[in-house]
Amino acid sequence: MSRYIDVFNGDADGILALVILRRVYPVGAEQHTLISDVKRHIQLVERVQAEPGDKVTVLDLSYDANAKAIDRLLAKGVEVLCCDHHQARHALPHPKLTTVIDESANCCTALLVFREFAGGNKALHCWAIAALFGDGLMAQANAEADELGLAHAQRAELCELGTLLNYNGYGRNLADLMIPPTALFAQLINFEDPFELIAAQNASVVKLREQFNADIQRAQNEIPYLENESLIVLLLPDADWARRISGTIANQLMEQQPNKAVLVATPWQVGELLVSLRAPRTNNEGAGELCSQFPGGGGRAGAGGITGLPNERFDEVVAQVEARYRGS
Ligand SMILES: [Mn+2]
């Protein structure tokens with residue numbers, strides 16, 4: 001019996017892309033393998049152990065970061081489906097490979113999966129909107145919500161859910177996370193749409209909300225490392241709450257101050273930082289490109305990051321961001 005091996009990013013977008021796909025194409029538990037990790041760990045395809053005839057689906061993970069591992073699977077006769085919105089220069093045609101890739105700044109993987117496979121299903125569209133909110137893509141989330149005629153209160157619910165699921169993905173390793181992404185998926189897949197999940201007062205959602213509220217409060221009280229008319233920089237302390245909230249506070253600052261770039265750093269391994277960059281909303285490009293000039297850096301047009309930046313290079317990053325987005 002062939003197996004379905006689903007490999008997905010541990011953030012809102014990765015989890016919800018898989019929820020949409022597996023509500024359209026359900027797979028029995030005995031045939032199903034799930035592989036995920038913290039948001040920052042994106043080279044997950046190398047963990048796949050597949051046999052010829054197995055079907056591997058890769059969601060919300062950069063093709064380029066996984067290209068070698070995908071090539072090995074294809075060469076072995078494994079079918080691979082990749083849906084993503086990160087850089088994919090190495091995705092070459094292959095009879096066993098299907099790609100749904102769109103690198104535009106206003107799109108996320110869950111939206112791609114919805115458009116490609118869900119045939120306009122309204123309940124599944126709502127999951128995709130939650131994912132857009134989770135990825136900080138507010139304008140697109142609202143445009144999709146307009147299509148469905150969602151009320152303000154419903155949008156607020158989807159925004160909160162997306163934010164909470166995204167928040168859960170941040171950490172150095174799985175032990176830092178409140179709930180492992182594979183366990184979150186296993187709960188979410190049981191609900192037809194996100195409103196049902198929220199109305200059920202799902203225990204995971206309640207737990208995430210409580211911790212989130214405490215963490216965001218602490219982050220909002222931090223004094224910026226640097227702030228001027230073109231950027232705002234936060235350097236958070238070496239604490240689990242800071243690692244959990246770093247991505248969310250970056251998205252929140254970006255929304256509040258749309259003409260500034262946002263840079264948030266937290267201590268990573270000894271002598272290193274984890275850096276998140278958001279391009280200004282008013283000049284929404286170049287973030288991934290800027291980050292990829294540093295080892296461990298990458299991302300997409302509006303959002304990028306550097307994993308393991310040596311502390312002494314931080315001011316260099318700050319200077320580059322300031323030069324890149326001055327006058328945005
Ligand atoms: Mn994503």
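Using a Gaussian network model on the chain with a 10 Å cutoff between Cα atoms, which of G286, G149, G302 fluctuates the most? Result for the chain, Cα springs under 10 Å: G149 fluctuates most. Here the dipole of the range 13-131 is about 100 debye; that uses its Cα centre as origin and unit charges on the Cβ of Lys and Arg (positive) and Asp and Glu (negative).
In this simple spin-label model, placing a label point 7 Å from the Cα along the Cα-to-Cβ direction at both R326 and A91 gives a separation of 3.7 nm. Computed from point charges on the beta carbon alone (+1 for Lys and Arg, -1 for Asp and Glu), the dipole magnitude for the range 222-325 about its Cα centre is near 340 Debye.
Legend: residues T99, T33, T248, sorted from most to least accessible area (1.4 Å probe; ligands, DNA and RNA excluded), read T99, T33, T248. Look at the dipole of the chain built from charges on Cβ: of W268, V78, L92, the Cα furthest out on the positive end belongs to V78. For the range 264-297 versus the range 145-166, the inter-centroid distance based on Cα atoms is 27 Å.
Placing pseudo-labels 7 Å out from each Cα toward the beta carbon at Q201 and E51 gives an inter-label distance of 4.7 nm.
For the residues H152, H32, H86, a GNM of the chain with alpha-carbon springs under 10 Å puts the largest fluctuation on H152. Take the chain with all the other protein chains still there, run a 1.4 Å probe, and you get 41 Å² of accessible area per residue. Taking the protein heavy atoms of the range 239-328 in the context of the full set of protein chains, the accessible area attributed to carbon and sulfur is 46 percent at 1.4 Å. Rounded to the nearest percent, how much of the accessible area of the range 4-127 (1.4 Å probe, protein heavy atoms only) is carbon and sulfur? The nonpolar share, carbon plus sulfur, comes to 47 percent. Residues K39, K55, ordered by accessible area of protein heavy atoms at a 1.4 angstrom probe radius and largest first, appear as K55, K39.
Here is the tail figure for the range 222-325: Cα pairs spaced more than 25 Å apart come to 8 percent of all pairs. Looking at the chain, the pairs of alpha carbons with a distance over 26 Å make up 45% of the total. State the answer as a single residue: which of Q49, L111, A143 lies farthest towards the positive end of the charge dipole of the range 28-158, with beta carbon charges of +1 for Lys and Arg and -1 for Asp and Glu, about the Cα centre. Positive-end residue among those listed: Q49.
Each of N259, G120, S2 was placed along the dipole of the chain (beta-carbon charges, centred on the mean Cα), and the one lying farthest toward the positive end is S2. With respect to the chain, whose longest principal axis is taken over its alpha-carbon atoms, helix 314-325 is tilted by about 90°.
The charge dipole of the chain, taken about the Cα centre with unit charges on the Cβ atoms of Lys, Arg (+1) and Asp, Glu (-1), comes to about 360 debye, rounded to the nearest 20.
Estimated purely from DSSP H runs of n ≥ 4, each contributing -39500 (n - 2.57), the mean residue ellipticity at 222 nm for the chain is -13500 deg cm²/dmol once divided by its residues.
Of Y25, Y167, Y4, the order by accessible heavy-atom surface (1.4 Å probe, DNA, RNA and ligands excluded), from most exposed downward, is Y25, Y4, Y167. Relative to the longest principal axis of the Cα atoms of the chain, the long axis of helix 203-220 makes an angle of roughly 20 degrees. Projected label points at V270 and S2, each 7 Å from Cα along the beta carbon direction, are separated by 4.9 nanometres.
The values are calculated or read from the model by the stated rules, or taken from the named source; none is laboratory data. Every value quoted in this text rests on a predicted model; they were computed, and no experiment measured them. Don't worry about glycine lacking a Cβ; one is built from the backbone with ideal geometry, like all the others, and counts go over all protein chains shown. Heavy atoms of the whole protein, side chains included, go into the accessibility calculation; ligands, DNA and RNA do not. Shrake-Rupley method; radii C 1.70, N 1.55, O 1.52, S 1.80 Å.
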